[in-house]
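Below is one structure, written out as structure tokens, with a few remarks after it.
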Amino acid sequence: MEIQKNLENLVKRYDTPAHMYTEYPHKSFWSEEFGENDYKESLNLLSSYKKDDPMMMYVHIPYCTMPCFFCTCHFKVTRDHEKIKNYLKTLSQEIDLLSDFFDKNSINPRFVEMHLGGGSPTILNEEKFDYLIEKINNLVNIKNLEEFAIEIDPRAVDRKRMLYYHQKGINRISFGIQDFDINVQEAINRVQSPELVENLITPDIRALFKYGINFDVIYGLPLQTKETIRETCQEPPVTDWGHEVRFNVPGMNKHTVAF
Ligand code: SF4
């Protein structure tokens, strides 16, 4: 009886909207009091790093053309390219500020990894992407990166775009898949066939991204069952290549599951 009551209390306690568990540090550690000086102090800590310590940079593009209903990422839905252009201008100002700060404080970080995420970085057309890469190159020598990754919405790219990303120095791509079952896809407002993905990652394209190609697959989606997950992992884009399958598991890092 007592166990039952404790369980009910636990369910009541945790049956509320929560912060996204995949962010680090967790949002419950964030503070609104963290201001400009704290940010500068944190950046100053970089000067105490040894010259060769490796660093990574993340750049966020917070726009998507459609919302996936499960998504808790920081994004806004838009098809307004002026809005995206203005965001890139602001981002470029921030890159300049950071670059100035490093110069004035003789900080020379050795960036070895760069990740473009969102939202959907694939919302940027080639002209806007060129602009962004040029700006980033003022701060990070892209040629020296060991890993340069981008999150890809398969609905927003074609083979030409995949080649373009390779030409820009990207060597790892991350596809948002979630589940290939059509009923699940309709329920989450993200319809994309296995064939669509398969046609994007033909062997010649795979060979270009030497640091790897990964699929994000989520479990816990509406209408999803063990069977839909198993079938998703048995679709040709996955099995053709005998890759590991990674899951976003609440409370854990990405988790590899064998089928
Ligand atoms: S495309 Fe990605 S970021 Fe945008 S709503 Fe869907 S899951 Fe979220």
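For Y211 and N105, FRET efficiency with R0 = 35 Å and r from the beta-carbon atoms, rounded to 0.05? Walk me through the numbers before you get to the answer.
Numbers: r = 31 Å, r/R0 = 0.89.
That gives a FRET efficiency of 0.65.
Count the DSSP beta bridges whose two residues both fall in the chain, then state the antiparallel fraction as a percent rounded to the nearest 5. All intermediate terms of the calculation are to be shown ahead of the outcome.
On the way: 3 of 29 bridges.
Among the beta bridges of the chain, antiparallel pairing accounts for roughly 10 percent.
Once amide H atoms are built 1.01 Å from N in the peptide plane, which residues 5 or more positions from Y219, or in another chain, come under 5 Å H to H?
Here the answer is N248, since their amide H atoms fall under 5 Å of that of Y219.
According to a simple spin-label model (label point 7 Å from Cα along Cα-to-Cβ), what is the distance in nm between K128 and D96?
2.0
Using only helices, what value at 222 nm comes out for the chain when you add -39,500 (n - 2.57) per DSSP H run of length 4 or more and divide by the total residues, to the nearest 500 deg cm²/dmol? Provide the component values of the computation, followed by the final result.
Working: 10 runs with 98 residues, N = 259.
Taking each H run of at least 4 residues, the total per residue is -11000 deg cm²/dmol.
Taking the Cα atoms of the chain, report the difference between the largest and smallest coordinate on each principal axis, in whole Å and largest first.
Over the chain, Cα extents along the principal axes are 62, 55, 38 Å.
Gain in length, N141 to V191, computed as 0.36 nm per residue apart minus the alpha-carbon separation, to one decimal in nm? Walk me through the intermediate numbers first.
Numbers: separation 50, 0.36 × 50 = 18.00 nm, distance 3.70 nm.
Computed gain between N141 and V191 is 14.3 nm.
Every read-out reported here was derived from the displayed coordinates using simple, explicitly stated rules and does not represent laboratory data. In this text the structure is predicted, and so the values were computed from the model without any measurement. Note: ideal-geometry Cβ built from the backbone for every residue, glycine included; neighbour counts use all protein chains shown.
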